[in-house]
1. Could you work out how much longer the chain between L119 and T94 gets when fully extended? Use 0.36 nm per residue separation minus the Cα distance between them, nm to one decimal.
2. Output wanted: per-residue J couplings in Hz (rounded whole) for region 90-104, from phi through Karplus 6.51 cos²θ - 1.76 cosθ + 1.60, θ = phi - 60°, x for Gly and Pro.
3. Quick check on region 9-108: what are the equivalent-ellipsoid semi-axes from the Cα gyration tensor, as sqrt(5λ), descending, whole Å?
4. Could you give the nm distance between label points at L104 and L42, where each point is 7 Å from its Cα heading toward the beta carbon?
5. Take peptides 106-113, 73-80, 41-48 and line them up by average Cβ neighbours within 10 Å, highest first, as a rough protection proxy.
6. Probe radius 1.4 Å, ligands and nucleic acids left out: which of Y123, Y114 has the largest accessible area, and how do the rest follow?
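The values are calculated or read from the model by the stated rules, or taken from the named source; none is laboratory data. Worth saying up front: this structure is predicted, and the values here are computed from it rather than measured. We place every Cβ from the backbone using ideal geometry, glycine too, and count neighbours over all the protein chains shown. Each accessible area value is taken on the protein alone, full model and side chains, heavy atoms only, with ligands, DNA and RNA left out. Shrake-Rupley method; radii C 1.70, N 1.55, O 1.52, S 1.80 Å.
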Amino acid sequence: LAGAPQPSWALLVVPASNLAGAVAGTALIGAVGCRRAMLTGLSGMTAATLLPLLLPRLLPPPSAPMLAALLASLGGWAIFFQLGPGCSYFVAVTEAAPPRLRALSVSLGNSARYFLELLAIRYFVQVWGAASHASLLLGMG
């Protein structure tokens, strides 16, 4: 699609969003605490997850603005993930476990986190692929 995000720079959106979210998440936890940071992150993640469901009603599918909005939604999800569960779990896991169980709790926490990240990536890749595939079928690509 003309004007759609191109893969060369679009691939940098999620890593850059993760980095920005991690830096902001660390500052947010220091300023307001884990509980509020977690609520902020989960609220933003919910909004970023619902946005792709609302896009067909807001923008004509498939279109370059719709694909750009999907990419922005994925970047927003990554930022809010780091603001909430991404950074908060580092603090919670190390504070909740006694020293002798800390390594186990951190490794289980990392495993759960990576599993959830893979699920989120899979969801957004499916949405992005469906929108891109529909544009090719309609001759817009």
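1. On the way: separation 25, 0.36 × 25 = 9.00 nm, distance 2.46 nm.
Stretched fully, the L119-T94 segment lengthens by 6.5 nm.
2. With the stated coefficients, region 90-104 comes to 4, 5, 5, 5, 6, 7, 7, 8, x, x, 6, 9, 4, 4, 5 Hz.
3. Working: eigenvalues 202, 34, 27 Å².
Three semi-axes, in Å: 32, 13, 12.
4. Those two pseudo-labels are separated by 2.6 nm.
5. Numbers: 106-113: 13.6, 73-80: 23.6, 41-48: 17.4.
Ranking the peptides 106-113, 73-80, 41-48 by packing returns 73-80, 41-48, 106-113.
6. Working: Y123 65, Y114 120 Å².
Highest to lowest solvent-accessible surface, that is Y114, Y123.
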